[in-house]
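The values are calculated or read from the model by the stated rules, or taken from the named source; none is laboratory data. All figures in this text were calculated on a predicted structure; none of them were measured in a lab. Cβ coordinates were reconstructed from backbone atoms using ideal geometry, including for glycine residues, and neighbour counts include every protein chain displayed. For the accessible areas, the whole protein counts, side chains as well, though only heavy atoms, and no ligand, DNA or RNA atoms are used. Shrake-Rupley method; radii C 1.70, N 1.55, O 1.52, S 1.80 Å.
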Amino acid sequence: MRKPIIAGNWKMYKTITQAIELANGLKRAFFEIDASSIDIVLCPVYTSLSEVAEVIADSNIKLGAQDVYWQDEGAFTGEVSPVMLKDAGCGYVIIGHSERRQYFNETNETVNKKVKAAVKHGLVPIVCVGETLEQREAGKTFDVLKDHISGGLAGLTEDEVSKLVIAYEPVWAIGTGKTATSAQAQEAHKYIRDLAAALYTKDVAGGMRIQYGGSVKPENAAEIMQQPDVDGALVGGASLKADSFSEIVNRGLKAKVKK
Ligand code: PGA
C-alpha cells in the first residue's frame, strides 16, 4: 500500500505573517488526522520556511521547499542548498516544476543535479513532470514524460528512486482551472509507473508515489485521487486557503482509504 501524499505548493504567495496564519489554520484543521495514514506537506517560500517549521513542529504536517541548488555551499548568489533546507526544517523539496522549466531555464540536467543533491542530504524530492497543451495535441505526452523521467532521474540507484515522489502536472492544467479528466490522469500515471518498472524494477514502480497536480480543488479531489495510480495531489491555488486545502486532504484521504 502506497501512503498518499498531498502537498501544497504556495508558489510566490504569502508574507511571513500570512504564512504563519495559514499554517496555524491547517494545523488546527488536521489535528485529528493520523500522520501514519497520509503525508501532508506545505511548501512555502524560502523566507517563511523556518517560521512555518516552528508552527507545525508538534503537528502531523511536514515541510517542503519549492526548489534547491545542488551545491552544499559556495559563491552562488541567490541560491539555497539542501543543507540549508534541512537546517530550516524541510523534509521535502519540489524540483523541476513547470514554472521553473518555463521561466527559469530549468532543464532535465539541472533537475537531475538537484534530485541527486536532495537525496544525498535526505530530502525527499517531488519531481515534477508533464506536457504542454501543444505537446499533448501533437500526441507527444508519453514522449515528454519519458524524457522528463529518464533525464531527471538519470544515474539514480533503485534505492534512491524508491524514495522520491513524482508529480504528474500537465502544464495546460496548472492554474488554468482546466483539470485533466480522471481518465487522462490515470492514463499518464499508469504510463509513468510502467516506465519505472521498465527502467528500474516492478517493486520500485509499485512503491512509487505519483501525485497529480493541475487545478486540483475540493470538487475534483476525490475523483482524481480515486484512480488506482494516483497517490495524492500537488495543489497550487487551492492550497492557499485553509478551508479548501483541508477539504482536499479530507476528500483525498477518504478516496484512498476506501479502496
Ligand atoms: P494549481 O497549481 O493547483 O494552481 O493548478 C498546481 C502546481 O503548479 O503545482
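Exactly one residue out of E247, E158 is open to solvent by 10 Å² or more (accessible area, probe 1.4 Å) and under 15 Å from G8 (Cα atoms), and it is E247. Could you tell me which of the residues K120, K163, K146 is surrounded by fewer than 20 Cβ atoms within 10 Å (Cβ to Cβ) and without any contact (Cβ under 8 Å) to a residue 40 or more places away in the chain? Only one candidate passes the filter, namely K120.
The residue that is surrounded by the most Cβ atoms within 10 Å (Cβ to Cβ), among those in the stretch 170-191 that are more than 15 Å from A233 (Cβ to Cβ) and not hydroxyl-bearing (S, T, Y), is V171. Of all residues in the stretch 89-101, those that are in contact (Cβ under 8 Å) with a residue 60 or more places away in the chain and within 11 Å of the ligand (Cβ to nearest atom) total 4. Number of residues in the stretch 124-139 that are among the charged types (D, E, K, R) and either more than 19 Å from K178 (Cα to Cα) or loosely packed, with under 15 Cβ neighbours inside 10 Å (or both): the value is 2.
Residue pairs whose Cβ atoms lie under 9 Å apart, separated by 6 or more positions or on different chains, with the first residue in the stretch 178-201 and touching a residue at least 60 places away in the same chain (Cβ under 8 Å) and the second open to solvent by less than 30 Å² (accessible area, probe 1.4 Å) and part of a helix (DSSP H, G or I), are I192/L145; I192/I149; I192/A205.
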